[in-house]
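Report on one structure; see the data block that follows.
The values are calculated or read from the model by the stated rules, or taken from the named source; none is laboratory data. From a predicted model like this one, the values you see are computed outputs, not experimental measurements. Quick reminder, even Gly has a Cβ in these numbers, built from the backbone with ideal geometry, and neighbours come from all protein chains shown. For the accessible areas, the whole protein counts, side chains as well, though only heavy atoms, and no ligand, DNA or RNA atoms are used. Shrake-Rupley method; radii C 1.70, N 1.55, O 1.52, S 1.80 Å.
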Amino acid sequence: MHLSRILDLNLQPAGAVRLAIRPLALADAALLADAYTRNASHLAPWEPLREDLFFTVQGQRTSILGKLAQFESGTEVPWVILAGERVVGTVTLTGIVRGSFQNAHVGYWVDRTLTGQGVAGAALKAVLEMAGEGLGLHRVQAAVLGNNGPSRAVLKRAGFEEIGLARSYLKIAGRWQDHILYQRILP
């Protein structure tokens, strides 16, 4: 499967234009700055504390350059979720390890106006297909805060299984928090 093409998510939530997923590009800086600004309070409980610069075009340009460097090194594959030309989320495979492991971690978020409408699940499904067929990965893992019921449900519907608890795993919303770990073995 070719990783550079735009994939239709075959999902059109009420009032939304057709949704698609495509690889992140440097030209997305303004679109991402807008998306993160719109969703700052929605994402705050689930993400690290963000400096004001993060929500600017320059901050997103810097972030994208880092992600694209990781992509070039083979350790990350970032995508944006689009509603028409508007960014409404991201899905990223990180920490890609080759050799006998063939593993990656997945992270995602969806615009507050589209939660609960199948968008995260459709984007995750597309990325899992690309992870197995296009990247040759064997396993994808995810870590989720225990109180993030919607994200846990997305993972379960996508065939992930709970494999454990990582204490003080990530510093989210300004404090070290426990995360539930999930995995999906790819066909």
Partner aspartates and glutamates for Lys171 [C-alpha distance under 19 Å; skip if fewer than 8 residues away on the same chain]: Glu47, Glu51, Asp52
The chain, accessible surface, carbon-and-sulfur percent (1.4 angstrom probe): 54
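Work out the length of the dipole vector of segment 47-187 about its Cα centre, built from +1 on the beta-carbon of each Lys and Arg and -1 on the beta-carbon of each Asp and Glu, and round it to the nearest 20 debye.
On the way: 15 positive and 12 negative charges, 52 e Å.
With Lys and Arg at +1 and Asp and Glu at -1, about 260 debye.
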Going Cα to Cα from Lys156, which lysines come in below 19 Å? Please leave out same-chain ones fewer than 8 positions away. Lys125
How large is log10 of I(q)/I(0) for the chain at q = 0.11 Å⁻¹ when the intensity is taken from the Debye formula with one equal scatterer per alpha-carbon? -0.46
Descending semi-axes in whole angstrom, ellipsoid equivalent of segment 143-187, from the Cα gyration tensor: 21, 11, 7
Per the Kirkwood formula on distinct C-alpha pairs, the Rh of segment 30-107 is how many angstrom? 13.6
Name the helices (complete DSSP H segments) of the chain with a Cα length along the long axis of 15 Å or more and a Kyte-Doolittle mean of at least -0.5, or state none. 57-73, 119-129
Enumerate the calculated ³J(HN,Hα) couplings along segment 96-112 in order (Karplus 6.51 cos²θ - 1.76 cosθ + 1.60, θ = phi - 60°), each rounded to whole Hz, writing x wherever the residue is Gly or Pro. 5, 10, 9, x, 6, 8, 6, 10, 8, 10, 10, x, 7, 8, 9, 3, 4
Dividing the mean separation of Cα pairs under 8 Å (6+ apart) by the residue count of the chain yields a relative contact order in percent of 20
